[in-house]
1. From the residues in the stretch 29-48 that are of a type in the set (D, E, K, R) and under 12 Å from the mean Cα position of the chain (by Cα), which one is surrounded by the most Cβ atoms within 10 Å (Cβ to Cβ)?
2. Between residues in the stretch 61-88 that are of a type in the set (D, E, K, R) and residues that are open to solvent by less than 100 Å² (accessible area, probe 1.4 Å) and part of a helix (DSSP H, G or I), which pairs lie under 7 Å by C-beta distance while being six or more apart or on different chains?
3. Go through (1) open to solvent by less than 70 Å² (accessible area, probe 1.4 Å); (2) touching a residue at least 12 places away in the same chain (Cβ under 8 Å); (3) out of contact with any strand residue (DSSP E or B) (no Cβ under 7 Å at 6 or more places or on another chain) and name the single condition Gln25 misses.
4. Got a number for residues in the stretch 12-46 being in contact with a Ser or Thr (Cβ under 9 Å, 6 or more places away or on another chain) and not charged (D, E, K, R)?
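The values are calculated or read from the model by the stated rules, or taken from the named source; none is laboratory data. If you're wondering where the values come from, they're calculated on a predicted model, not measured in any experiment. For neighbour counting, all protein chains shown are included, and Cβ atoms are generated from backbone atoms with ideal geometry for every residue, glycine included. Side chains included, ligands, DNA and RNA excluded: accessible areas come from the protein's heavy atoms. Shrake-Rupley method; radii C 1.70, N 1.55, O 1.52, S 1.80 Å.
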Amino acid sequence: MNCIQVILTLDMENLPSNFPEILKQEQEVVAQWKAEGFMEHLFLRQARNGAILIFKELELAKVEALMETLPFYQLKESIEYLELIKQF
């Protein structure tokens, strides 16, 4: 199984005042992705400055396009994509 790990780091120094509203929108998008079955896991980072998302069976270009629609994408400090092969 091919997986793509996305490491999203937020710019915590410049969060907008409506951050709680953006967080709610973010959670709705992630729930939809999980329901559609192409997002396997979401992990919050220990420092609470971002998340790690694991997508399955999607091409990198599709994951990049999906990430650009994520509400937190506009608040990113950095984003890293790692293409992985799950070993059984």
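1. Of the residues in the stretch 29-48, the ones of a type in the set (D, E, K, R) are 34, 36, 40, 45, 48.
Subsequent filtering for residues that are under 12 Å from the mean Cα position of the chain (by Cα) retains 34, 40, 45.
Numbers: Lys34: 13, Glu40: 17, Arg45: 13.
Restricting to residues being of a type in the set (D, E, K, R) and under 12 Å from the mean Cα position of the chain (by Cα), the top hit is Glu40.
2. Hits for this filter: Glu83/Leu60.
3. Status for Gln25: all satisfied but (1).
4. Going residue by residue through the stretch 12-46, those that are in contact with a Ser or Thr (Cβ under 9 Å, 6 or more places away or on another chain) are 29, 45.
Checking which are not charged (D, E, K, R) leaves us with 29.
Matching residues across the stretch 12-46 total 1.
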